[in-house]
């Protein structure tokens with residue numbers, strides 16, 4: 001294998017590993033660590049496929065800085081009232097769309113299962129992540145993470161990250 005192909009595979013692995021860690025933090029309810037996966041100036045949104053394809057900005061969740069991500073978690077812990085539940089992410093393979101100057105754009109399919117206290121498990125959300133990952137500065141971080149969901153109905157208030 002030539003060196004550029006090997007480097008490309010390594011970058012793909014780094015992005016896939018970052019997505020796996022993202023899912024792990026959410027699934028294990030370690031949400032206070034979750035904002036650390038993002039650069040200070042970042043964007044995180046959860047938007048329907050219909051709105052995204054039409055270029056409409058209306059998102060179920062929109063944050064435009066790491067500070068907003070921290071505020072979201074503080075609010076979740078202290079102010080929001082919602083049925084107790086757990087998430088479990090299943091991730092598809094990560095495909096690198098572009099790669100230049102330390103910024104990788106990638107796509108990864110996902111499914112999020114939700115299990116409530118009564119033991120019932122359902123598919124809560126399904127779609128794809130479109131990510132911009134910065135690979136410079138020591139550790140990879142999301143500059144942008146967009147969860148584009150195919151699900152047309154959100155079962156409960158979306159309080160946890162997807």
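The values are calculated or read from the model by the stated rules, or taken from the named source; none is laboratory data. Not measured: the values here are computed from a predicted model. Here Cβ is always computed from backbone atoms with ideal geometry, including for glycine, and neighbour counts include all displayed protein chains.
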Of (1) in contact with a strand residue (DSSP E or B) (Cβ under 6 Å, 6 or more places away or on another chain); (2) under 16 Å from residue 19 (Cβ atoms), residue 93 fails just (1)
Checking residue 10 against (1) surrounded by fewer than 16 Cβ atoms within 10 Å (Cβ to Cβ); (2) in a helix (DSSP H, G or I); (3) in contact (Cβ under 8 Å) with a residue 24 or more places away in the chain, only one condition comes out false. Which one?
(3)
Tally of residues being under 19 Å from residue 16 (Cα atoms) and free of Cβ contacts under 8 Å to residues at least 40 places away in the same chain across the stretch 97-119
9
Is there a residue being within 22 Å of residue 71 (Cβ to Cβ) and not in a strand (DSSP E or B) anywhere in the stretch 111-129?
no
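Is it the case that residue 63 is surrounded by 18 or more Cβ atoms within 10 Å (Cβ to Cβ), farther than 27 Å from residue 121 by Cα and free of Cβ contacts under 8 Å to residues at least 60 places away in the same chain?
Taking the combined requirement at face value, the residue satisfies it.
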Quick one: how many residues across the stretch 70-83 are within 17 Å of residue 35 (Cβ to Cβ), touching a residue at least 60 places away in the same chain (Cβ under 8 Å) and in contact with a strand residue (DSSP E or B) (Cβ under 9 Å, 6 or more places away or on another chain)?
1
The residue that is modelled with the highest pLDDT, considering only those in the stretch 1-23 that are touching a strand residue (DSSP E or B) at 6+ places or on another chain (Cβ under 7 Å) and over 17 Å from residue 92 (Cβ atoms), is 11
Search the stretch 99-119 for residues being under 28 Å from residue 14 (Cβ atoms) and at pLDDT below 95, and hand back the single one that is surrounded by the most Cβ atoms within 10 Å (Cβ to Cβ).
99
Here's a check for you: in the stretch 32-42, which residue that is surrounded by 19 or more Cβ atoms within 10 Å (Cβ to Cβ) and touching a residue at least 60 places away in the same chain (Cβ under 8 Å) is farthest from residue 131 (Cα to Cα)?
34
Counting only residues that are out of contact with any helix residue (DSSP H, G or I) (no Cβ under 7 Å at 6 or more places or on another chain) and under 19 Å from residue 13 (Cβ atoms), which one in the stretch 139-162 is surrounded by the most Cβ atoms within 10 Å (Cβ to Cβ)?
145
Only one of (1) surrounded by fewer than 17 Cβ atoms within 10 Å (Cβ to Cβ); (2) touching a helix residue (DSSP H, G or I) at 6+ places or on another chain (Cβ under 9 Å); (3) closer than 30 Å to residue 6 by Cβ does not apply to residue 129, and that is (1)
Only one of 60, 20, 106 is more than 23 Å from residue 158 (Cα to Cα) and within 15 Å of the chain's Cα centre (by Cα). Can you tell me which?
106
Specify which of the listed residues (122, 136) is free of Cβ contacts under 8 Å to residues at least 60 places away in the same chain, exposed (fewer than 14 other Cβ atoms within 10 Å of the Cβ) and farther than 23 Å from residue 36 by Cβ.
122
